[in-house]
Amino acid sequence: MKKITSIGIVTLLVIGITAFATTKSNNDLKLETNKIPSVTIKTLDGERIDSHSIISNEKPTLFVFWATCCAPCKKELSAISNVYEQWENETKINIVAVSVDLPQYANRVAPFVKSNNWDFDVFLDVERNLMHKMNASSTPHSFLINNSGEIVWEKQGFVSGDEVEIIERIKKII
């Protein structure tokens with residue numbers, strides 16, 4: 001019985017440490033620059049575009065790196081999708097999701113987005129060049145960009161309820 005209790009305590013500690021380590025604020029993560037780097041990415045139709053063109057200069061942008069195999073990514077973007085219309089009406093936020101699925105899985109992204117009825121823009125960074133230039137080491141990794149194109153906040157990981165913090169951050173910069 002003592003052995004089972006000890007294993008349970010160790011398991012809870014590992015889960016707690018993992019949860020703490022996967023959600024970081026901008027105080028924990030440092031970028032080389034405070035702007036989105038210029039990198040070629042693709043639309044879901046395969047058209048090549050520059051990453052600068054997906055950021056709005058007139059309104060803030062929530063920029064999220066994600067992958068179809070990432071459960072927290074899907075939870076985050078589904079939670080955002082559920083409140084996107086309300087957020088857009090309140091804050092004029094531009095939501096951009098950039099899939100970092102590997103080339104052999106990139107064909108899964110568009111059907112996944114369509115089946116989830118996501119109304120925000122989704123792009124592909126299959127070579128992960130943009131992700132690496134932004135020092136995003138895992139998914140989901142979210143960046144909040146003001147209407148001057150500056151990254152003002154970032155968050156790594158997602159747990160249910162994080163969308164409340166995200167909208168509060170958005171409201172602070174509008």
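The criterion of being modelled with pLDDT of 95 or more and surrounded by 15 or more Cβ atoms within 10 Å (Cβ to Cβ) does not hold for residue 103.
As for segment 127-140, it holds no residue that is in contact with a strand residue (DSSP E or B) (Cβ under 8 Å, 6 or more places away or on another chain) and acidic (Asp, Glu). Filtered by the rule that a residue be small (Gly, Ala, Ser) and at pLDDT 95 or above, segment 52-72 gives 67, 71.
Consider segment 144-166 and keep the residues that are farther than 28 Å from residue 38 by Cα and of a type in the set (Gly, Ala, Ser). The one that is surrounded by the fewest Cβ atoms within 10 Å (Cβ to Cβ) is 161.
Looking at the structure I just gave you, is residue 127 over 12 Å from the mean Cα position of the chain (by Cα) and more than 22 Å from residue 89 (Cα to Cα)? Judged against the criteria, residue 127 is a match.
What residue, of 159, 96, 126, is under 14 Å from residue 63 (Cα atoms) and in contact with a Ser or Thr (Cβ under 9 Å, 6 or more places away or on another chain)?
Working: 159 fails: under 14 Å from residue 63 (Cα atoms); 126 fails: under 14 Å from residue 63 (Cα atoms).
Checking each option against the conditions leaves just 96.
Could you list, in sequence order, all residues of segment 62-103 that are among the hydroxyl-bearing types (Ser, Thr, Tyr) and more than 11 Å from the chain's Cα centre (by Cα)?
The first filter runs over segment 62-103 and keeps only residues among the hydroxyl-bearing types (Ser, Thr, Tyr), leaving 68, 78, 81, 84, 91, 99.
Within segment 62-103, 68, 78, 81, 84, 91 qualify.
Annotation note: Cβ proximity below 6 Å between a residue of segment 91-105 that is of a type in the set (Gly, Ala, Ser) and a residue that is assigned to a helix (DSSP H, G or I) (sequence gap 6+ or interchain) occurs for 97/77; 99/109. Taken together, the residues in segment 106-139 that are in contact (Cβ under 8 Å) with a residue 60 or more places away in the chain and in contact with a helix residue (DSSP H, G or I) (Cβ under 7 Å, 6 or more places away or on another chain) amount to 8.
The values are calculated or read from the model by the stated rules, or taken from the named source; none is laboratory data. Everything quoted here is computed from the prediction, not taken from an experiment. No Cβ is skipped: glycine too gets one built from the backbone with ideal geometry, and neighbour counts run over all protein chains shown.
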